[in-house]
1. Scanning the range 119-146 for residues that are within 14 Å of the ligand (Cβ to nearest atom) and touching a helix residue (DSSP H, G or I) at 6+ places or on another chain (Cβ under 6 Å), which turns out farthest from Asp190 (Cα to Cα)?
2. All but one of (1) surrounded by fewer than 18 Cβ atoms within 10 Å (Cβ to Cβ); (2) at pLDDT 95 or above; (3) in contact with an Asp or Glu (Cβ under 8 Å, 6 or more places away or on another chain) hold for Pro26, so report the exception by its number.
3. Quick test for you: out of Asp114, Asp105, pick the one residue that is in contact (Cβ under 8 Å) with a residue 60 or more places away in the chain and over 20 Å from His24 (Cα atoms).
4. For the condition among the polar types (S, T, N, Q) and touching a helix residue (DSSP H, G or I) at 6+ places or on another chain (Cβ under 6 Å), what is the one hit in Thr97, Thr53?
5. Looking at this structure, is Ala184 in contact (Cβ under 8 Å) with a residue 24 or more places away in the chain, farther than 24 Å from His24 by Cβ, surrounded by 16 or more Cβ atoms within 10 Å (Cβ to Cβ) and not β-branched (Val, Ile, Thr)?
6. Considering only residues that are within 23 Å of the chain's Cα centre (by Cα) and either more than 30 Å from Pro123 (Cβ to Cβ) or not polar (S, T, N, Q) (or both), which ones fall in the range 40-61?
Amino acid sequence: MKADIPEKGAVLQRDGEDYAIAPHIPGGFIEVAQFRKLVEAAEKFDAPVMKLTSGQRIAIVGIKQEDVPAAWNRIDMKIGHVIGLCVRMVKFCPGTTYCRHGRQDAMGMGLKLDELYHGYSLPAKFKIGVAGCEYSCAAPLTKEIGLRGAPEGWTLTAGGNGGAKPKFGHLLAEGLDDGQALEAVARIVDFFESCTWANKMRMGAVIDKIGFDEFKKAVSIG
Ligand code: SF4
């Protein structure tokens, strides 16, 4: 029996038959009771494995197509935007909340950015990374927008990405407080949203095309 698959709610697996579902788990932080629900859903729908993803999600892998809607109902969580032209993830580390190395509140900033931007439609896939210190555990330099905590504030980079043609982001600003960092992120997102011509070109390639100085002028940062 075929079933309606929620938009972006399931990813067909290599066997061409089974699906993976990956609920939204901001920063990978999940309450124990909710974690238990995920495990129970995996058991209920005979999923052979669960996968901790690079996007800080927990995917349930190997669900039959007809069971996908019921699995979503059972776990009762938001869909993770794992595919599509949008802000796919805001990856963040524990920062000053849990980590002894933390210099800035990466968890607070990451949750705020996640609330504002996760799933936000843009001309290409787009990722944000927030790390609480220079050790960069959330890999901010390889994200379209990266924030890295330093004693004097946030260091902002833009235009990084992973994938087949990886790039490090350009340094845009240092010593930003939380409000300044959020404002700068909003300007960068607005800029990229206006690049309708980009058509799946990632922001790092857009910056290469127009030049970093033009980009800085466009976002009025740096
Ligand atoms: S980036 Fe720094 S603050 Fe964040 S988890 Fe790594 S060591 Fe800790």
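The values are calculated or read from the model by the stated rules, or taken from the named source; none is laboratory data. Source: prediction; values computed, not measured. Positions of Cβ are backbone-derived with ideal geometry, glycine not excepted, and every protein chain shown enters the neighbour counts.
1. Gly132
2. (1)
3. From the options Asp114, Asp105, the qualifying one is Asp105.
4. Going through Thr97, Thr53 in turn, the sole match is Thr97.
5. Considered against the rule, which asks whether it is in contact (Cβ under 8 Å) with a residue 24 or more places away in the chain, farther than 24 Å from His24 by Cβ, surrounded by 16 or more Cβ atoms within 10 Å (Cβ to Cβ) and not β-branched (Val, Ile, Thr), Ala184 comes out as yes.
6. Answer for the range 40-61, where residues must be within 23 Å of the chain's Cα centre (by Cα) and either more than 30 Å from Pro123 (Cβ to Cβ) or not polar (S, T, N, Q) (or both): Val49, Met50, Lys51, Leu52, Gly55, Arg57, Ile58, Ala59, Ile60, Val61.
Residues checked against (1) in a strand (DSSP E or B); (2) over 29 Å from Pro23 (Cα atoms); (3) not assigned by TED's automatic domain parsing to the domain that holds Arg103:
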| site | (1), (2), (3) |
| --- | --- |
| Gly129 | yes, no, no |
| Tyr135 | no, no, no |
| Ala138 | no, no, no |
| Leu156 | yes, no, no |
| Gly175 | yes, yes, no |
| Asp190 | no, no, no |
| Trp197 | no, yes, no |
| Ala205 | no, yes, no |
| Asp208 | no, yes, no |
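Residue-wise test of (1) away from the ligand (no atom under 16 Å from the Cβ); (2) closer than 30 Å to Arg202 by Cα.
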site: Ala59; (1), (2): yes, yes
site: Cys86; (1), (2): yes, yes
site: Cys93; (1), (2): no, yes
site: Thr96; (1), (2): no, no
site: Asp105; (1), (2): no, yes
site: Leu111; (1), (2): no, yes
site: Tyr117; (1), (2): yes, yes
